[in-house]
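Visitor: Sharing a structure here in structure tokens format.
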Amino acid sequence: MAICRHFGNPDLFITFTCNAKWPEIIEDMRDKPGCRAEDRPDIVSRIFRAKLNHMIKFIKSGKPFGDVEPYEAVWRLLQFHIHFREPSVERLSVHLPFDQNVVFREIDDLNYVINNPNLERTMLTQWFETNVQDSDARKLSYVEFPTKYVWKNDRKQWSRRKQGRSLGRVAYVHPATGELYYLRLLLNYQKGSFSFDHLKTVKDVLEPTFQAACTSLGLLGDDREWNNAMLEAVITASSFQLRQLFVTSVLFCNVADPLTLFEAHWKSMCDDISRNMLNVFGLQDVSKYQDELRNSLLYELEK
């Protein structure tokens, strides 16, 4: 989602698979009588990686181009990268004031834990701190920050990016969480904030809540936030989970126009229902039964 939001939808979805009959593999096996490709996952993984790198270079060259089943165990043992995503996406933590997670080991001295300032530092708190110290940082929202800065987890601080590129994505927050959800909305919009209070300050007025700040900025009222919540969830959620999210939003989140929200997302909420219709009634295609599908979905939503 972060990559699509920044660059738009992809033009290509490419799958690259290994072929045990590749000449390089066969040539290497000739020196090992009785040995087959499946007996040497180390060789296959190295050849696969070399060909994968060559393919990526070929695609990036702009020339015409032409699935992934490497031997995962050896691939990991050789410490090859599992994912090839460019640019990378930095998952940005989000939490309410004084509500961040503090991680320590059972054997750690509690006095050290309590007095260690790094344990209180998070991506979000240090975003505030970097904005205080660096005027250039104030030009970026939290979600834009990884494009120009790199998070150093060992030092718990942001540093200027010197190479590579990355996009940011604030961790998903369910709309029913209330203030945490509205805080996330602000982090996708506000730039250069120095603190949580500064984040919810609109036109020099400190709003009492993050929700009030969202309202003052016009981020609420047209159901845009609930529409975005559904669009984000559809990437990973099942149809049942999407139905739960829709019902929760309508019941507890002051959706202004539930019907419009339903019309925009009802098809993504009934994949399992259409599949059951195909199996139970022996249908070849449910596209002719849209009314029945909608009615079945409405019945599930009413449960």
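The values are calculated or read from the model by the stated rules, or taken from the named source; none is laboratory data. Every value quoted in this text rests on a predicted model; they were computed, and no experiment measured them. Backbone-built Cβ (ideal geometry, glycine too); neighbour counts: all protein chains shown.
Visitor: Condition first: among the polar types (S, T, N, Q), part of a helix (DSSP H, G or I) and within 26 Å of Gln126 (Cβ to Cβ). Can you find one or more residues in segment 187-210 that meet it?
Guide: no
Visitor: Between residues in segment 198-220 that are in the same structural domain as Thr130 (by TED's automatic domain parsing) and residues that are aliphatic (A, V, I, L, M) and part of a loop (DSSP other than H, G, I, E, B), which pairs lie under 7 Å by C-beta distance while being six or more apart or on different chains?
Guide: Here the result reads Val202/Leu217, each pair linking segment 198-220 to a residue that is aliphatic (A, V, I, L, M) and part of a loop (DSSP other than H, G, I, E, B).
The rows are residues; the columns are (1) at pLDDT 90 or above; (2) surrounded by fewer than 17 Cβ atoms within 10 Å (Cβ to Cβ); (3) under 23 Å from the mean Cα position of the chain (by Cα).
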residue	(1), (2), (3)
Asp197	yes, yes, no
Thr215	no, yes, no
Leu231	no, yes, yes
Leu251	no, yes, no
His265	yes, no, yes
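Visitor: Which ones in segment 170-180 are buried (at least 16 other Cβ atoms within 10 Å of the Cβ), among the hydrophobic types (A, V, I, L, M, F, W, C) and part of a helix (DSSP H, G or I)?
Guide: Leu180
Matching residues to (1) part of a strand (DSSP E or B); (2) in the same structural domain as Leu242 (by TED's automatic domain parsing); (3) more than 22 Å from Met230 (Cβ to Cβ):
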{"residue": "Phe128", "(1), (2), (3)": "no, no, yes"}
{"residue": "Arg138", "(1), (2), (3)": "no, no, yes"}
{"residue": "Pro146", "(1), (2), (3)": "no, no, yes"}
{"residue": "Val150", "(1), (2), (3)": "yes, no, yes"}
{"residue": "Trp158", "(1), (2), (3)": "yes, no, yes"}
{"residue": "Gly168", "(1), (2), (3)": "yes, no, no"}
{"residue": "Tyr182", "(1), (2), (3)": "no, no, no"}
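Visitor: In segment 151-183, which residues are among the hydrophobic types (A, V, I, L, M, F, W, C) and closer than 30 Å to Ala237 by Cα?
Guide: Trp151, Leu167, Val170, Ala171, Val173, Ala176, Leu180, Leu183
Visitor: Output the residues belonging to segment 280-295 that are within 33 Å of the chain's Cα centre (by Cα) and part of a helix (DSSP H, G or I).
Guide: Within segment 280-295, Ser287, Gln290, Leu293, Arg294, Asn295 qualify.
Visitor: Turning to a different aspect of this structure: Can you confirm whether Ala256 is of a type in the set (A, V, I, L, M) and surrounded by 15 or more Cβ atoms within 10 Å (Cβ to Cβ)?
Guide: no
Visitor: Within segment 87-126, count every residue that is part of a helix (DSSP H, G or I) and surrounded by fewer than 16 Cβ atoms within 10 Å (Cβ to Cβ).
Guide: Qualifying residue count, segment 87-126: 9.
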